[in-house]
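Note sheet for the following structure.
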Amino acid sequence: MAALLLGLLLFALQSPPLPSRPLADGGSSPPPTLSPADNATASHPNGTLQQLPQIIIIGVRKGGTRALIEMLSLHGAVAAAQNEVHFFDWESHFQKGLPWYLSQMPYAFPEQLTVEKTPAYFTSGKVPKRIHQMNPNIKLLLILRDPTERVLSDYTQVFYNRLQKHKSYQPIESVLVKDGEINLGYKALNRSLYYVHMQNWLQYFPPESIHVVDGDRLIKDPLHEMQKVEKFLNLEPQLNASNFYFNKTKGFYCLRDHGRERCLHDSKGRAHPHVAPAVLQKLYQFFHEPNRKFFELVGRTFDWK
């Protein structure tokens, strides 16, 4: 009997503690973790499995994230999640832990890299720390556009969503300007203050872990921008001019994958509403200093007005 009690005591001492639940405010406690051996689910008969992403497209909203992940998925060494997962920014998802996050990933071959994209990650203050707790060596892709153009695209998306639901909407000038000045309470403006959010990410990740994709250049010259992405991810160069063709009807590049052609959804590339020149000028002036700070932060400039 003494030997039995001693055995039970030793077993209790050796049993690993259960991981604590994450704090609702995004505190230091991470979601339940996975050991390296549990980093993938049971494989399918064809040899594919689900694995935690080695690449995350962190944003930005209306910056071209859908185009980026579609173009990246043309590469044979990449498996892309089709939906925005919102694991690190939605508490209802984060509370489910990494096993749930893993279950949202696509099935991939062991030699493939898995990528997911959630544009809201970039502007969420709690996300960088959470991703770092999962994998401090992860590769991050951030795609940005001219901040003024991004604000207009942001408004355009909300405008059409409300229109389709037969809801009322505000004219763009009324949300951009308040009492003759730029309306700092408009959330879309905050999303375009790139340097503010980038500072948060650089607290957890070194600059070499974050590749900034020029969203404006991706529209005009997708191959050149994607070759930079391939290099950053240490992928064997595979994308070429045959993967892209310009669709005159839509006014932007579409994709060609093994002879199969596909374009982004019709909701992409919508024309922006007309904005009074005086209001546009206010926007350009408003973003001038934030843009300069961002350029200093990342050590490069972009062709933004």
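Please arrange Thr301, Thr249, Thr65 by how many other C-beta atoms lie within 10 Å of their C-beta, fewest to most.
Least to most surrounded, the residues fall as Thr249, Thr301, Thr65.
Which net charge results for the neighbourhood of Ile138, defined as the other residues with beta-carbon distances under 14 angstrom from its beta-carbon, given Lys and Arg at +1 and Asp and Glu at -1?
Numbers: positive: Lys117, Lys129, Arg130, Lys139; negative: Glu116, Glu208.
Once positives and negatives cancel, what remains is +2.
Neighbour counts of other C-beta atoms within 10 Å: give me Phe286, Phe246 arranged from fewest to most. Numbers along the way, then the final one.
Values: Phe286 20, Phe246 11.
Lowest count first: Phe246, Phe286.
Say the cut-off is 21 Å between C-alpha atoms; which of Lys62/Lys117; Lys126/Lys228; Lys139/Lys231; Lys117/Lys305; Lys220/Lys282 go over it?
On the way: Lys62/Lys117 12 Å; Lys126/Lys228 28 Å; Lys139/Lys231 12 Å; Lys117/Lys305 27 Å; Lys220/Lys282 26 Å.
Long pairs (Cα-Cα over 21 Å): Lys126/Lys228; Lys117/Lys305; Lys220/Lys282.
Give a residue-ordered list of calculated ³J(HN,Hα) values for the stretch 234-241 (Karplus: 6.51 cos²θ - 1.76 cosθ + 1.60, θ = phi - 60°; whole Hz; x for Gly, Pro).
Whole-Hz 3J(HN,Hα) from phi for the stretch 234-241: 6, 8, 5, x, 9, 6, 8, 4.
Once amide H atoms are built 1.01 Å from N in the peptide plane, which residues 5 or more positions from Tyr253, or in another chain, come under 5 Å H to H?
Asn247
When Lys and Arg each count +1 and Asp and Glu each count -1, what net charge do the other residues less than 10 Å away from Gly59, Cβ to Cβ, add up to?
Numbers: positive: Arg61, Lys62, Lys117, Arg191; negative: none.
The answer is +4.
FRET efficiency for Tyr204 and Gln285, Cβ-Cβ distance as r, R0 = 30 Å, nearest 0.05? List each step's numbers first, then the result.
Details: r = 32 Å, r/R0 = 1.07.
Calculated value: 0.40.
Can you sort Tyr253, Tyr245 from fewest to most other Cβ atoms within 10 Å of each residue's own Cβ? Present the calculation step by step, with values, prior to reporting the outcome.
On the way: Tyr253 21, Tyr245 13.
Ascending number of Cβ neighbours within 10 Å: Tyr245, Tyr253.
So for the pair Ala271, Lys167, with labels modelled 7 Å out along Cα→Cβ, what separation do we get in nm?
With each label placed 7 Å out from Cα toward Cβ, I get 2.5 nm.
So if I place +1 on the C-beta of Lys and Arg and -1 on the C-beta of Asp and Glu, and nothing else carries charge, what would the dipole magnitude of the stretch 46-298 be about its Cα centre? I want it in debye, nearest 20.
Values: 31 positive and 24 negative charges, 115 e Å.
Value, rounded to 20: 560 debye.
Let me check I've understood the local charge: for Tyr284, count other residues with C-beta under 10 angstrom from its C-beta, Lys and Arg +1, Asp and Glu -1. What total comes out? Provide the component values of the computation, followed by the final result.
Values: positive: Lys282, Lys305; negative: Asp146.
Summing Lys and Arg as +1 and Asp and Glu as -1 gives +1.
Taking amide H positions as placed in the peptide plane 1.01 Å from N, state which residues far from Tyr169 in sequence (5 or more) or on other chains have amide H under 5 Å from it.
none
Do you know the relative contact order of the stretch 46-298, to the nearest whole percent, from alpha carbon pairs under 8 angstrom that are 6+ apart?
Normalised by residue count, the contact order of the stretch 46-298 is 22 percent.
The numbers here are math on the coordinates, done by the rules we state, and not lab data. Keep in mind that this is a model prediction, so the values were computed, not measured. Positions of Cβ are generated from backbone atoms using ideal geometry, with glycine treated the same way; all protein chains shown enter the neighbour counts.
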